[in-house]
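Accompanying notes for the structure given below.
The values are calculated or read from the model by the stated rules, or taken from the named source; none is laboratory data. Fair warning: this is a prediction, and the values are worked out from it, not measured in the lab. Heads up, the Cβs are rebuilt from the backbone with ideal geometry, glycines too, and the neighbour counts pull from every protein chain shown. SASA here: full protein model, heavy atoms, side chains in, ligands and nucleic acids out. Shrake-Rupley method; radii C 1.70, N 1.55, O 1.52, S 1.80 Å.
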Amino acid sequence: MNYEIESQPSYSVLEINLEPDEEVVTEAGAMAWMSDNLKVDTSTRGGALAGLKRAALSGESFFQNTYRAEGGPGLLGVAPGQPGDIVAHEMNGGELLLEKSAYLASSPGVHCDTNFQGLSGLFNEGLFVLQTSGDGTLVFNAYGDIDEVAVDGSYVVDNGHAVAWEPSLEYHLTR
């Protein structure tokens with residue numbers, strides 16, 4: 001996936017250049033502009049149960065859109081629903097957990113599901129987060145700027161400001 005993130009960090013937009021027959025998946029309603037040769041397929045991507053879990057448990061859309069360039073290269077502009085930053089992360093068979101509503105777009109090889117965070121999630125951002133896995137490019141967003149923090153030991157962050165983290169990260173709520 002060939003892309004460029006523009007207007008960072010306040011009003012970021014993702015511009016994707018697709019090769020002929022290349023596909024990209026986006027959150028429903030995220031398309032801002034596209035060339036006229038892109039074909040869109042709207043589906044629950046994984047079945048009705050998967051769409052329902054995403055919508056009811058992790059704040060994502062029931063549907064996702066898959067765009068495919070037909071008859072030549074295509075251009076797609078994708079923007080989050082709120083102003084803020086966009087980050088692209090290469091998934092190489094690993095997993096990444098995202099806060100509610102952070103998913104924006106991905107290569108078709110990236111899969112999204114929900115992950116139960118236990119009762120500690122009740123006081124956090126919710127009982128469920130979005131669990132992403134697979135291979136390809138994952139693009140997520142958040143209100144405001146996004147900074148990557150390499151945690152070595154312990155680190156304190158307000159639970160409302162964590163956007164994405166690896167499942168191996170152990171966390172707990174403090175008083």
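Looking across segment 155-166 at every residue that is assigned to a loop (DSSP other than H, G, I, E, B), within 20 Å of V87 (Cβ to Cβ) and out of contact with any Gly (no Cβ under 9 Å at 6 or more places or on another chain), the one that is modelled with the highest pLDDT is identified as V163. List pairs: first residue in segment 128-139 and without any contact (Cβ under 8 Å) to a residue 40 or more places away in the chain, second residue open to solvent by 20 Å² or more (accessible area, probe 1.4 Å) anywhere in the structure, Cβ distance under 6 angstrom, at least six positions apart or on different chains. Listed pairs, sorted by first residue: Q131/D113; Q131/N115. Restricting attention to segment 18-45, the residues that are of a type in the set (A, V, I, L, M, F, W, C) and assigned to a loop (DSSP other than H, G, I, E, B) add up to 2. Scanning segment 1-17 for residues being closer than 15 Å to P73 by Cα, within 16 Å of the chain's Cα centre (by Cα) and in a strand (DSSP E or B) gives a total of 3. If you check D147, D152, D135 for being part of a loop (DSSP other than H, G, I, E, B) and modelled with pLDDT of 90 or more, only one passes: D147. So, S107, is that one of a type in the set (S, T, N, Q), at pLDDT 85 or above and surrounded by 12 or more Cβ atoms within 10 Å (Cβ to Cβ) or not? In short, yes. Of the residues screened, D85 is one that is open to solvent by less than 30 Å² (accessible area, probe 1.4 Å) and at pLDDT 85 or above.
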